Amino acid sequence: MSSAASNNTPGVTPPGAAHDVAPFRAFGHSLRNWTLRLGVWARRVHLANYLALALSGGAIICGIATYLSLTKLDAAGPSPRSVLVLLNVDLLLLLGLVVLVARRLVRLWAAHRAGARGSKLHARLALLFGVVAITPAIIMAVFSALFFTFGVQSWFSERVSSALNESDAVAKAYLVEHKQAIKGDVLAFATDLNRQWPQLSQAPQLLNSFLSTQVAIRGLNSAVIFTSGGDVIAKAGYTFDLQSGEHIPPQVMAQADLGEPAVNTGESGDIVRALVRLDSYTAAYLYVGRFVDPKVLGHVARSEAAVSEYRRLEGSRSNLEIKFTLLFSVVALLLLMVSIWFGLMLATSLARPIIDLIEAAERVGAGDLNVRVKETAASDEISYLGRAFNRMTKRLREQQTELRETNAQLDERRRFTETVLDGVSAGVIGLDSDGNMTLPNRSASILLGTELTAFIGQPVTAFAQEFVEMFNEMRTNPDVPIVPREIQITRGNTVKTLMLQLSAERESGRVVGYVFTFDDITALQSAQRKAAWADVARRIAHEIKNPLTPIQLSAERLKRKYRDRLGEEDSGLFAQCTDTIIRHVGDIGQMVDEFSAFARMPAPVLKEIDLTAIVRDAVALQRAAFPRVSFAMDTPGTPVMIRGDARQIGQAVTNVVKNALEAIEARVGTAGGGRIGIKIAVGGRGVVVSITDNGIGLPQGERARLTEPYVTSRAKGTGLGLAIVKKVLEDHGGVVVLEDAPQTAEDPQGACVSLEFPSGLLVRPAPIQLAAV
C-alpha cells in the first residue's frame, strides 16, 4: 500500500519510469537529427524541384490515361473502377502540385513581406510568368469545354437524329417491301395451285414441275407443300431447310390457319419466307422463300446497330457530359498547377542571378569588395552581367588596395605635417581658392583666442577680420608678393601685435589656395622696448645723477650764506628760489633712483615667505599715509607660504597700491570717499592678489601697454611702476592682469590689478578660498 502511494505521489517519478521513457527520448532525438539531416540534404540536392518535375510528368501521364479511359465509348463503356482509380491518382498528383506551388508562393510572400533584396522583382516576374502560364491553360480548358459542349450538341442534333432515323426506316422499309412482295407472290402462287390442284394432284412429277415453274417465274428460291403433320407433298428450289415444319414458328402456323398469309424471316435474316394454307387440300400448306441481298442486309444491320448505339448514348448524355467535365476539370487543374510551377521556376531562374547581383552590390556598397557572384558558362546577358560585375569588383578591390596604400602614405605625411605645425609657435591657417579656411594649427587658435576648427569651411572674415585687407590684396594681385606687416588684434581686453605673412599656393600656374603665417611679437616688442628703456635709464641715471648732488649742495650753501645778508624782501625771494631748486633736484633724484632701480632690477632671491604678511605690511604703510582712504583686506585665515623675493614682491604690491591711490586722488581728490580692496585667494591655478580701487579707472586705448616702461596715463607719472610690477611677476613665473573693477551705483568707475603667482611657488597647502580670479 505504501509502495503504491509513493509511486502515485505527484512530482515523484516511479523508479522504472525513467527506464521506460529513455528509449522514447532517444528515438525522438535521433528522429529530429535524422529529419534535420534530411532537410539539409533535400535543400542541397534541390529535392523540391525534382519532386515537382516528377509530379508534373505523372500528372501528364495520368491525364492522358484518364482521357483514354473516359473516351472508351463502346457498348460496355469505361470501367468505373479504373476511372475512379485514375481520378484518385490525378487528385493526389494535383494535391502534391498544389502543396509545392503553395510552398513556393508562401516563401515568395514571406520574402516580399520581410523586404528581402530583390523580392519585389521576383514577385513581379513570378506574377508575369504565372499569368503567361495560366492564361493559355485557362483558355485551353475553356475552349475544350466549349468544344466538347458544342460537339455533344452537334452529335445529338436534330439533323443527325433525323438522318439516323431515316436510315433505319429505309432499311426497315426495304425488308417490309420484300415481305409484301413475297406475301403477294405466295397468294398468287396458292391461287394458281388451288385452281389447278385437281390435275396436278394426279401426277407428282407434274406437281413438282409446276412448283419449279412457279418458283422460276416468281423469283423465288424455294417452295414446298406440306401437311399439318409435316409430310412434304411436293417441293422445288433450295428446300434443304424446309424439310419439316419444325422450323416454322407456331405463331406463323396459327396466322396461316386463319387464312392469312404469314411472313417469316430466317434465323440468319438473309431470307424471307411466306406461309399460306391451301384450300384445295385439307390441312396442306404452301411455304415459299426468297433470299435477300447480303450487302443490303449488312447495311441494314449496321444501320440498326448505329441507331441503337446513338439512342443509348442519347439516353446517357448527361452522364457523359459529367464525365468529360470532370475529366477536363482535373486535367485543366493539373495543367494549371504545372504551368504555375514552371512559371515560378522560370521567374526564380531569372530573378536569382539578379537578386545575387543586388545582394552583392549591397555588400560592395557596404565596403566588401571581396564579394563575387556565381558565374555560369551560359552566354546570355545575365551571365555576361555577372562576369562583368566580378571583373568590376576585382578591379575595385585592386584600386582600393592602391588607394589605401596611397592614403596611408598621405596620412603619414599629414600626421607629420600636423605634428610640425602643432610644434611650431607660429600660427598657420590654410585657405582654399575661395578664401575658406581648410587647415588651422593649434598655435593659430591660441594666438587668435578662438577655436578655429569650428570655422573650417568659413571665409576669413568669420574668424580674423584683421586679415581681410592683406587677403584682398593678394587675391587682387596674386603675382605681386606682399611684404610681411605688423597688425594689432584685440580679443576682449587683450591687444596683441602679430607679424603677418600671406603666400599663395599654386598648381600648374593656377592659384589653388593661400597660407597665412603669423606670430605674436607683442612680448618681443615689449622686451625690445624694455631693453631700450633700460639702457636709456642707465645712461640717464649716470649722466643726470652726477651733477644733481653739486647742484643741491650749492643751492643749500647759497641759502645758508646769503639768506641773512639780503634785505627782507630779497631774502624771501632768495629762499623761495633756493627751496625750489632743492625740491626739484630732489624730484629729479627720485626719478633717477627709479630709473636706476628699473635698469638694475636684480634677479629675485627665492625664499620661503608669508605672502599675506608682505601684502599686509605694504598696505599698512600706505594706510598710515592716506588715512582718508578706506582699505579692506580679505585674506585666508592661515599664512600663505610661497617661495619668492620678499623685497621685490613688496615693492610690486606698493607700486600697485600707489597707482590706486593716485587714481582715487585724480577722481575724488583728498576729500575722502576713496576705497581700496585687497584680496588674497588660493585656487587651482595658484595664488592671486587682487587690488581693486574706485579711482578714474584704466584707459581703453593703451591699456595693453600700461605695463611697458614710460607708458602712463597721468601727468606726473613716470610710467615705471607697472613696468616694475610686470618685471617682478615675470621673474616669479606669474602674470599681471589689468581689468575694470566691478561697477556699482556707488562706484561706477575703478580698476582691478591682479598679481597671479603660479601654484608651483606654494610651499604648504593653504585653505582654498574660491574667488573670481
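The values are calculated or read from the model by the stated rules, or taken from the named source; none is laboratory data. Just so it is clear, the structure is predicted and the values come from calculations on it, not from any experiment. A quick note on method: Cβ atoms are made from the backbone with ideal geometry, for glycine too, and the neighbour counts reach across all protein chains shown. Accessible surface areas use protein heavy atoms only, side chains included; no ligands, DNA or RNA. Shrake-Rupley method; radii C 1.70, N 1.55, O 1.52, S 1.80 Å.
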When you check Ala366 against the structure, is it at pLDDT 85 or above and over 16 Å from Ala351 (Cα atoms), yes or no? no
Could you give me the residue pairs with C-beta distances under 7 Å whose first residue belongs to region 171-193 and is open to solvent by 30 Å² or more (accessible area, probe 1.4 Å), whose second residue is among the small types (Gly, Ala, Ser) wherever it lies, and which are 6+ apart or on separate chains? Lys183/Ala274
In this structure, does Leu369 turn out to be within 32 Å of the chain's Cα centre (by Cα), surrounded by 12 or more Cβ atoms within 10 Å (Cβ to Cβ) and not in a helix (DSSP H, G or I)? yes
Among the numbered criteria (1) in a loop (DSSP other than H, G, I, E, B); (2) closer than 23 Å to Gly734 by Cβ; (3) in contact with a Gly (Cβ under 6 Å, 6 or more places away or on another chain), which one does Thr638 miss? (3)
Identify the residue in region 444-461 that is in contact (Cβ under 8 Å) with a residue 24 or more places away in the chain and in contact with a helix residue (DSSP H, G or I) (Cβ under 6 Å, 6 or more places away or on another chain) and, among all such residues, is farthest from Leu421 (Cα to Cα). Val460
Tally, over region 122-151, of residues that are within 21 Å of the chain's Cα centre (by Cα) and either modelled with pLDDT under 70 or not in a helix (DSSP H, G or I) (or both): 1
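The rows are residues; the columns are (1) assigned to a loop (DSSP other than H, G, I, E, B); (2) modelled with pLDDT under 85.
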| residue | (1), (2) |
| --- | --- |
| Gly650 | no, no |
| Val653 | no, no |
| Ala666 | no, yes |
| Gly672 | yes, yes |
| Ala681 | no, no |
| Thr692 | no, no |
Could you check how many residues of region 476-491 are open to solvent by 100 Å² or more (accessible area, probe 1.4 Å), without any contact (Cβ under 8 Å) to a residue 24 or more places away in the chain and either part of a strand (DSSP E or B) or in contact with a Leu (Cβ under 8 Å, 6 or more places away or on another chain) (or both)? 1
For Asn436, work out the one condition from (1) more than 37 Å from the chain's Cα centre (by Cα); (2) of a type outside the set (A, V, I, L, M, F, W, C); (3) under 15 Å from Leu452 (Cβ atoms) it doesn't fulfil. (1)
Could you check Asp645 against (1) touching a helix residue (DSSP H, G or I) at 6+ places or on another chain (Cβ under 7 Å); (2) open to solvent by less than 40 Å² (accessible area, probe 1.4 Å) and say which number it fails? (1)
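Here is a yes/no grid of residues against (1) of a type outside the set (A, V, I, L, M); (2) in a helix (DSSP H, G or I); (3) modelled with pLDDT under 75:
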site	(1), (2), (3)
Gln525	yes, yes, yes
Ala534	no, yes, yes
Pro550	yes, yes, no
Arg557	yes, yes, no
Leu566	no, no, yes
Gly572	yes, yes, yes
Ile581	no, yes, no
Gln590	yes, yes, yes
Members of region 417-476 found to be in contact with a Pro (Cβ under 7 Å, 6 or more places away or on another chain) and at positive phi, listed by number: Gly435
